[in-house]
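For reference, the structure discussed in these notes is given below.
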Amino acid sequence: MFNPTRDEVRQFFAQTWHKQRAGQILTPLESMAADWIIEHPEYQETLGATEASVQDYTPEEGETNPFLHLSMHLAISEQLSIDQPPGIRAAHDRLAARLGSSHDAQHAIMECLGETLWEAQRTQTPPDHEAYLARIERRASKD
């Protein structure tokens, strides 16, 4: 299983952004990451700065961790591409229709993913895929 370190994740996004700006050929994963970086111009300066790779992002400081945020976008995009857990793609599509964009739907799913991962860490159990999908389905079916 692919399990990069914090520094490897940060290096991946910084290098991807550098390659994108330089017009270099990107791997499929880099291309997907570059698309999300483009969708988040607020992170682009950070990804171009070398000190970004050593900065800590804590909830107490009230600053979003751009590397975590982009990583979650990639994870959700991968889940949607293979419809895993089964039904996530359909739930995403309903959520996107309700919210008006796939990007907004991903942000809503991101909250569900964060809650699912937090619960797994708290209980020291694997993530509950059924609970994750149920959270997304609840968001998709809200009026």
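We did not get these values from a lab; they are worked out from the coordinates using the rules stated. Predicted model, so just to flag it, every value in this text is computed and none were measured. Here the Cβ positions follow ideal geometry from the backbone for every residue, glycine too, while neighbour counts run over all protein chains shown.
Here are some notes:
- Cβ-based net charge around Cys112, under 9 Å, with every Lys or Arg adding one and every Asp or Glu removing one: +1
- Under the Debye formula (equal points on every Cα, no solvent term), log10 I(q)/I(0) of the range 1-140 at q = 0.17 Å⁻¹: -1.04
- Distance from the alpha carbon centroid of the range 1-72 to that of the range 74-99 works out to 22 angstrom.
- Environment charge of Phe13, counting only residues whose C-beta is closer than 12 Å and scoring Lys/Arg +1, Asp/Glu -1: 0
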